[in-house]
1. Would you mind checking the stretch 239-261 for residues with the amide N under 17 Å from a putative spin-label position 7 Å along Cα→C-beta of L80?
2. Send over a whole-number figure in Å² for the accessible area per residue of the stretch 32-93, probe 1.4 Å.
3. In the stretch 52-95, which residues have a backbone nitrogen under 13 Å from the label point lying 7 Å from A29's Cα in the Cα-to-Cβ direction?
4. For the chain, calculate the relative contact order in percent as a whole number, restricting contacts to Cα pairs under 8 Å that are 6 or more residues apart.
5. Give me the number: length gained by fully extending N192 to R62, i.e. 0.36 nm times residue separation minus the C-alpha to C-alpha distance, one decimal in nm.
6. Taking the Cα of R151, stepping 7 Å toward and past its beta carbon, and measuring to each backbone N in the stretch 101-143: which are under 16 Å?
7. Need the full-extension length gain, D69 to D293, defined as separation in residues times 0.36 nm minus the C-alpha distance. One decimal, nm.
8. On the protein heavy atoms, probe 1.4 angstrom, tell me the percent of accessible surface of the stretch 196-293 carried by carbon and sulfur.
Amino acid sequence: MGVLSIGSMNLDYVYRVPHLVKPGETLTASAMETNPGGKGLNQALALAKAGASVRHAGCVGRTGEPLRDLLAEHGVDVSLVQTVDVPQGSAVIQVDEATGQNSIVIFGGSNRALSESRVTELLDTAKDDDVVLLQNEISAMGSILTGCAKRGLAVILNPAPYSDDLATMDLSSLAWLIVNEVEVAQLTGTENPDMAWTVVRNRWPQASLVVTLGERGSVCFSGDERIVQPAFAVDAVDTTAAGDTFIGYFVAGLQEGLPLPRCLARASLASAIAVTRPGAAPSIPTRDEVDADERLRH
Ligand code: RIB
């Protein structure tokens, strides 16, 4: 199984603040950094750091070329990344310095330059046993999902950020749905993972489901399996890209053919390590760091 990741690549402008800004408030940040990010980039990078084989497709503006270089340096095949004459996609991120929680505003920019004709070209490069990994920060999502359905290409979807039009798209190729507790409620109408699984099974009988629950861990449903993975306790510095790290490591585990409990445990630990470090892409641990962590052995 090869992974074709089609997704966003952002420049993240990260502000460390005493609390997340309130309406009408002006707040002074104690630090500001510009980092690579974007859910597509983060997940492709996490896959590569986990040792998986991944091709990433997306669009960068002229100022975003270092984002492509970063992926290439970590072994992601970036031959399908296009440079476009559109302002670089970006995110403004506040990180609460006490809790590590964040709030994020994204500007689509170059990520919205993916055209329907380009989608056809990208999907034509896919092999029958490739899976297509998607989030929801790029244009042409409907065309990608329809194209995957027509070609019988399995889709792993992280519907983040959620938008109502997703539910109207062709998800007949959905193999895995990976959501957090907010997205699961938006997509299925319930925050309860077991009830959400019933909804998912009725709507997309071919799909499996992972719900990530932050400090409460994650739960995975696939066929008749229900696996609960507790979270690893950490002192959070910055929760940005925790979910992306989880997804990259989880999909890498699927590519390796690991049993689901092992995929979940490793993804959970990688994500726990990521939240102890600042930034999105820079916080993603390497496979060696994850494997060396004693907590995976228990
Ligand atoms: O999931 C974290 C990411 O969300 C950030 O890197 C930011 O770019 C937004 O896409």
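The values are calculated or read from the model by the stated rules, or taken from the named source; none is laboratory data. The structure displayed is predicted, hence computed values, not measured ones. Methodologically, a virtual Cβ is constructed for each residue, glycine included, from the backbone with ideal geometry; neighbour enumeration extends over all protein chains shown. SASA here: full protein model, heavy atoms, side chains in, ligands and nucleic acids out. Shrake-Rupley method; radii C 1.70, N 1.55, O 1.52, S 1.80 Å.
1. Answer for this model: 248, 251-252, 255.
2. I get 36 Å² per residue for this part.
3. 91-95
4. So the answer I get is 18 percent.
5. Between N192 and R62, full extension yields 42.5 nm more.
6. Flagged as within label range: 115-135, 140-143.
7. Values: separation 224, 0.36 × 224 = 80.64 nm, distance 2.86 nm.
My answer for the length gained is 77.8 nm.
8. C and S atoms contribute 51 percent here.
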